[in-house]
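The values are calculated or read from the model by the stated rules, or taken from the named source; none is laboratory data. Because the structure is a prediction, the values reported are computed rather than measured. All Cβ positions, even for glycine, are placed from backbone atoms using ideal geometry, and neighbour counts span all protein chains on display. SASA here: full protein model, heavy atoms, side chains in, ligands and nucleic acids out. Shrake-Rupley method; radii C 1.70, N 1.55, O 1.52, S 1.80 Å.
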Amino acid sequence: MRLFLAALTTIIYTAPLAAAHASENNAVFCTKLGELAGRSMAARLQGKPLADLLQVKFDPAVHEIFQTVILDAYSRPLVEGENAWVKNMSDFRNAVEEKCQSSLQK
């Protein structure tokens, strides 16, 4: 669990997270948000408690959106069947990245 939280924290703090940078680096920002989405879904699939992820400290500029992505990962219906693990992670990550790109282009 500590390794997961450390990796999540690294992604969060190494991305250009200030709101002013988001408009200049849309692709990078949305990619990092997608990575967070994938890791959040992976945590859910591994049985990690939601409360553990919600305790991670985020940059105040993106705290709300990151919390929303984590909550979304835990409330989204899961796909079952062959390759379900990969499908759940990639579908969620792609959905978050697409929504991010769409919202920043408006």
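Need pairs with beta-carbon distance below 8 Å; first residue within 14 Å of D72 (Cα to Cα) and within the stretch 45-60, second of a type in the set (D, E, K, R) and not in a loop (DSSP other than H, G, I, E, B); sequence gap 6+ or separate chains. Within 8 Å, the pairs are L50/R44. The set of residues in the stretch 89-106 being closer than 16 Å to M41 by Cα and either assigned to a loop (DSSP other than H, G, I, E, B) or among the basic types (K, R) (or both) consists of R93 alone. Inclusion of A73 among residues that are surrounded by 19 or more Cβ atoms within 10 Å (Cβ to Cβ) and hydrophobic (A, V, I, L, M, F, W, C) is warranted. For the stretch 61-77, the tally of residues that are touching a residue at least 12 places away in the same chain (Cβ under 8 Å) and in a loop (DSSP other than H, G, I, E, B) stands at 3.
Kindly indicate whether N88 is open to solvent by 60 Å² or more (accessible area, probe 1.4 Å) and at pLDDT 85 or above.
Working: open to solvent by 60 Å² or more (accessible area, probe 1.4 Å): no; at pLDDT 85 or above: yes.
Here the answer is no, as N88 does not meet what is asked.
Among the residues of the stretch 58-70, just one is exposed (fewer than 12 other Cβ atoms within 10 Å of the Cβ) and over 14 Å from the mean Cα position of the chain (by Cα), namely P60.
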